[in-house]
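The values are calculated or read from the model by the stated rules, or taken from the named source; none is laboratory data. Since we're looking at a predicted model, the values are computed, not measured. Glycine also receives a Cβ, built like all others from the backbone with ideal geometry; neighbour counts cover every protein chain displayed. Side chains are part of the model used for accessible areas, which takes the heavy atoms of the whole protein and leaves out ligands, DNA and RNA. Shrake-Rupley method; radii C 1.70, N 1.55, O 1.52, S 1.80 Å.
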Amino acid sequence: MRCLYLDLDATLLGHRGSLLHDGAGATSLLGVRALEACLRADVEVVLMSGRRKESVATPSRLFGQRAYIFEVGACLVLDGEEHWLTGDLVPGEAGTIFEQIDASGAPALLLDRYAGRLEYHDPWHRGREVSHLFRGAVDAFAANDLLAEHGHENLRLVDNGAMHAGRTNLLEVREPRVYHLIPAGVSKARAVAAHMRARGLSPADCIAVGDSREDLGVAPQVAAFWLVANALDRDPTIRQAIAGLDGTVRIAEAGYGPGVYEAVVTTLAERR
């Protein structure tokens with residue numbers, strides 16, 4: 001085991017985004033111990049998150065790491081250098097990728113069509129370079145069909161799982177989810193593959209841990225993908241997605257940081 005690809009929110013981080021608490025708010029150091037085990041075994045830890053750059057860069061630096069993935073795979077930062085994985089949409093004279101997507105009219109289209117069921121995920125949608133971040137309850141597949149019908153085939157709406165923080169103004173939405181509007185080719189899986197090529201890693205060298213369908217897309221790239229237990233609590237339908245994968249997915253008995261610890265120490269023990 002040479003590399004761990006690790007999601008942050010609702011995976012390594014527990015209640016209110018805390019590294020030192022589990023999902024119920026109880027104090028737990030198991031997430032920290034998982035990181036310690038990786039450092040002791042010389043395993044690189046690559047954070048892969050939907051968060052904006054600075055909120056992934058900071059924990060990555062605190063964990064002593066030199067690579068991380070932000071905004072759902074839009075960019076891989078490797079040894080201080082940014083590698084944009086956004087296809088034809090690149091930051092430049094036309095503005096940031098976020099601004100270019102805004103100018104296309106796609107966000108306004110979605111907010112208009114799904115009025116009362118979709119809104120910006122305030123305040124976390126601010127300060128982003130690529131993705132437009134929403135919350136609500138919509139069918140992402142239907143939303144992508146809508147985008148294509150209106151000439152936005154180069155974009156897709158990604159369901160990033162249940163909302164873990166904040167409140168909505170959507171009175172009819174009881175169980176809000178979080179969505180990213182991103183360039184069509186962007187994914188955590190693609191960013192993981194780019195990192196593996198740069199580091200000369202094979203699937204046998206790597207595992208990943210996450211809690212959402214977008215995280216699950218990394219499974220074909222690695223020897224084993226671990227879902228923390230709370231992934232199934234939040235989204236029971238994720239089992240359907242697991243069924244289509246060839247035995248590479250394992251489900252931890254524990255959730256959040258303790259689940260990450262379980263995945264790491266189990267893998268290290270098995271590799272010995």
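Based on the Stokes-Einstein relation at 20 °C and a viscosity of 1.002 mPa s, and on the Kirkwood radius from alpha carbon pairs, region 113-162 is assigned a translational diffusion coefficient of 182 µm²/s. Let me know the shape class of region 1-101, please: from the alpha-carbon gyration tensor, a ≥ b ≥ c as square roots of the eigenvalues, rounded when a/c is under 1.5, otherwise prolate if a/b is greater than b/c, or oblate. Note, shape of region 1-101 comes out oblate. Result for the chain in a Gaussian network model with C-alpha springs under 10 Å: among R177, R33, R199, the largest mean-square fluctuation is at R199. For the chain, the 222 nm mean residue ellipticity estimated from helices alone, with every DSSP H stretch of n ≥ 4 adding -39500 (n - 2.57) and the total spread over all residues, rounds to -9000 deg cm²/dmol.
Among N160, N144, N169, the largest mean-square fluctuation in a Gaussian network model of the chain, built with springs joining Cα atoms closer than 10 Å, belongs to N169. Given in Å, the Rg to one decimal and the Dmax to the nearest whole number for the Cα atoms of region 138-263 are 16.0, 49. When only Cα pairs below 8 angstrom with a gap of at least 6 residues are kept, the chain shows a relative contact order of 22 percent. When the chain is treated as a GNM with alpha-carbon contacts under 10 Å, the residue of D246, D215, D112 showing the greatest mean-square fluctuation is D246. Just so you know, the averaged projected area of the alpha carbon convex hull for region 114-197 sits at 6.4 nm².
Normalised by the number of residues in region 77-146, the average gap of Cα pairs under 8 Å and 6 or more apart makes the relative contact order 26 percent. Each label point was placed 7 Å from the Cα along the Cα-to-Cβ direction; for F141 and T237 their separation is 0.9 nm. Placing dummy labels 7 Å off each Cα toward the beta-carbon, the span from L268 to L245 is 2.2 nm. Helix 188-199 and the longest principal axis of the C-alpha atoms of the chain enclose an angle of approximately 50°. Using a Förster distance of 35 Å, how high is the FRET efficiency between D122 and D79, based on the Cβ-Cβ distance and rounded to 0.05? After rounding, the FRET efficiency stands at 0.55.
Projected onto its three principal axes, the C-alpha set of region 211-263 covers 25, 23, 16 Å, listed from the longest axis down.
Inverting the mean 1/r over all pairs of different Cα atoms, compute the Kirkwood radius of region 1-53 and quote it in Å.
Computed over region 1-53, the radius equals 11.6 Å.
The stretch between R174 and R33, if pulled fully straight at 0.36 nm per residue, gains 47.2 nm over its current Cα-Cα span. Surface composition of region 84-137: carbon plus sulfur atoms hold 50% of the accessible area, using a 1.4 angstrom probe and ignoring ligands, DNA and RNA.
For the chain, which span is the longest to avoid every loop-located (per DSSP) member of GluC sites (Glu not before Pro) having at most 15 other Cβ atoms inside 10 Å?
1-92
Expressed in units of 2.2 N^0.38 Å, where N is the residue count, the Cα radius of gyration of region 53-130 is 1.28.
Counting only DSSP beta bridges whose two residues both lie in the chain, roughly 55 percent are antiparallel. How high is the relative contact order of region 21-113, in percent, with contacts defined as C-alpha pairs under 8 Å that are six or more residues apart? It rounds to 14 percent for region 21-113. By the Kirkwood approach, averaging reciprocal distances over each pair of separate Cα atoms, the chain gets a hydrodynamic radius of 18.8 Å.
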